[in-house]
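Remarks on the structure that follows.
The values are calculated or read from the model by the stated rules, or taken from the named source; none is laboratory data. Quantities reported herein were computed from a predicted structural model and do not represent experimental measurements. Glycine also receives a Cβ, built like all others from the backbone with ideal geometry; neighbour counts cover every protein chain displayed.
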C-alpha cells in the first residue's frame, strides 16, 4: 500500500516536472525571435495615384526584398527594399518614364528602402511601425499601421505575412513631376504585401 | 497643362526676350558697338534657369539628383560669356574662352557614370572645339548662328523627350525658342551684327545636355543620335560658301539652318525609329 502511494506521488512529481518543462519550452519558443527572408515572388508593392484629377491609376513594383525579424508577439523589425527597375504599370513606355529622372531617377537611385526603428503591437494583429523611408535619395521618417496576416508552415518552410497600407506625399521626396499642374496627384497610396520565409 | 507650359516655357522665353531687348535695343536702326554682344548668352541662361527653377523648385541645391548640377554650369558659363563679349579680343582669346568653358563643363557636370577623367576631358575638348568653331560665326552673322542653334536645341529637346526626360526637354525647348527669337530680332534689325556670348553658352550647354540625356538613358536609341546633334553645329558655316556671297543674308542664313537641320533630322528620325518601331 505504502509502495503504491509512493509510486503515485513519484508519478505526480515527474508529471508536474515534465509539464512545467513543456510549458517553459513552449513559452520560450513563442518569444524566440526569428529572421525571415522576404519572398520576392509572393511579395509586392502596389501604388495608386490620381491621374488628371479623375482617374485612380495603379501600378506595382515586382521586386521586393529584405528581411523581417519577428517573434510572433511584440518584436517586429523590418528591412525592406524595392527595386525601381521592377516598376510595372502594364505599359512599357510609362514604365520607362517612371524610371527616368522625371520621376524615380533609377540610374541614380535604383532602390527604395524602408528600415523600421520601432514597432508597437496595438490591437490583435495590428502593429504601429515607425521607420525611415528612403525614396529618390531622400529619407523621411514615416509611421505606418501594419497587419500581421499570419504565420504558417505547410511543409515548405515556416512563413509569415504582413500587409501595410499608407499614404505618402511624393513631393516630400522630391518627385514633383505633374504636381503643380494637377496632372498627377501628390498623394500616393501604397499597399505593401510581404510574405517571408524563415531563414536557415 | 497650359499653366505648366506658361510657367516653364512661355515665362522664361518672355524674360529672355526682355534681356535681349535691353542688350540689343533693336529699335535703334544703327549697328551697336561690340559691348551689346552679351545679350544672347545672358538671355539664354536667364531663360534656362527660370525654366529649371519652375521644374525643379528653388531648393535645388538640397536635391540629391546629380543632373541638377547643369544649373550651376549654366550660371558659370553666363559669367564667362559676358567676359568673352566685353573684353577686348585678341588672336588667342577665343581659344582661351573655349578652354575655360570646357574646364567648367568638365568640372561641374554631375551625371551618372561620368566620373572617369577621360569622359570629363572628352567633354572639355568638345566644348573647346565648338567654341572655336561657333565664336567667329556668331561674330559675323548673329542671325544665322542663332537660327542654327535654334535648330540644334529643338532637335536636342526632341531627343530628350524621346528618352523620356521631359523636364530637361522642356528646358532645352526653351533655349530653342530663345535662339529663334534672337534670329527674328536680328532679321528685323541690323543690331547687333554679332553676338558672341550666345556661342560660348551654347558650346558649353549643348554637349553637356546631350551627355546628360545619354547618361540617364542609353537604351532607348543609339548614342550616335546625341553625337549627330552636337556635331551638326559646325555645319552652320555652310552659309559662308563663296557661291552665296551675292545673295541677301537671309539666304545664307537659310542655307546654314538647312545644313544644321539635316544631321539633326537624321538623328531625331533614328531615335524615333529606335524608340517606337
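Laid out as a table, the results:
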| quantity | calculated |
| --- | --- |
| Among (1) crowded, with 16+ Cβ neighbours inside 10 Å; (2) within 14 Å of chain B (Cβ to nearest Cβ) - the single one residue A:172 does not satisfy | (1) |
| Filter result for residue A:129 (away from chain B (no Cβ under 14 Å), over 28 Å from residue B:214 (Cβ atoms) and in contact with a helix residue (DSSP H, G or I) (Cβ under 6 Å, 6 or more places away or on another chain)) | no |
| Verdict on residue A:156 being in a loop (DSSP other than H, G, I, E, B) and away from chain B (no Cβ under 13 Å) | yes |
| Lone unmet requirement of (1) outside any helix (DSSP H, G or I); (2) surrounded by fewer than 17 Cβ atoms within 10 Å (Cβ to Cβ); (3) modelled with pLDDT under 95 for residue A:109 | (2) |
| Check on residue B:231, modelled with pLDDT of 90 or more, surrounded by fewer than 20 Cβ atoms within 10 Å (Cβ to Cβ) and over 20 Å from residue B:183 (Cα atoms) | yes |
| Sole exception among (1) in contact with a strand residue (DSSP E or B) (Cβ under 9 Å, 6 or more places away or on another chain); (2) assigned to a loop (DSSP other than H, G, I, E, B); (3) more than 14 Å from chain B (Cβ to nearest Cβ) for residue A:104, by number | (3) |
| Checking residue B:60 against (1) more than 19 Å from residue B:107 (Cβ to Cβ); (2) modelled with pLDDT under 90; (3) within 14 Å of chain A (Cβ to nearest Cβ), the condition it does not meet | (1) |
| Evaluation of residue B:182 against (1) farther than 26 Å from residue A:175 by Cα; (2) not in a helix (DSSP H, G or I) (one fails), failing number | (2) |
| Unique match (being at pLDDT below 90 and buried (at least 19 other Cβ atoms within 10 Å of the Cβ)) among A:124, A:161, A:155, A:178 | A:178 |
| Residue check for residue B:210: assigned to a helix (DSSP H, G or I), more than 14 Å from every other protein chain (Cβ to nearest Cβ) and farther than 18 Å from residue A:101 by Cα | no |
| Unique match (being over 23 Å from residue B:4 (Cα atoms), in contact with a helix residue (DSSP H, G or I) (Cβ under 7 Å, 6 or more places away or on another chain) and either away from every other protein chain (no Cβ under 14 Å) or modelled with pLDDT of 90 or more (or both)) among A:188, A:192, A:138 | A:138 |
| Every residue from region A:48-85 that is in contact with a helix residue (DSSP H, G or I) (Cβ under 9 Å, 6 or more places away or on another chain) and crowded, with 19+ Cβ neighbours inside 10 Å | A:61, A:64, A:84 |
| Subset of region B:141-198 [in contact (Cβ under 8 Å) with a residue 24 or more places away in the chain and within 14 Å of another protein chain (Cβ to nearest Cβ)] | B:159, B:160, B:162, B:163, B:164, B:165, B:167, B:168, B:170, B:171, B:172 |
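Yes/no matrix, rows are residues, columns are (1) modelled with pLDDT of 80 or more; (2) part of a loop (DSSP other than H, G, I, E, B); (3) more than 13 Å from chain A (Cβ to nearest Cβ):
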{"site": "B:4", "(1), (2), (3)": "no, no, no"}
{"site": "B:8", "(1), (2), (3)": "yes, no, no"}
{"site": "B:12", "(1), (2), (3)": "yes, no, yes"}
{"site": "B:17", "(1), (2), (3)": "yes, no, yes"}
{"site": "B:23", "(1), (2), (3)": "yes, no, yes"}
{"site": "B:28", "(1), (2), (3)": "no, yes, yes"}
{"site": "B:32", "(1), (2), (3)": "no, yes, yes"}
{"site": "B:54", "(1), (2), (3)": "yes, no, no"}
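Residue-by-condition table, conditions (1) assigned to a strand (DSSP E or B); (2) at negative phi; (3) more than 14 Å from every other protein chain (Cβ to nearest Cβ):
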| site | (1), (2), (3) |
| --- | --- |
| A:67 | yes, yes, yes |
| A:80 | yes, yes, yes |
| A:97 | no, yes, no |
| A:120 | yes, yes, yes |
| A:123 | no, yes, yes |
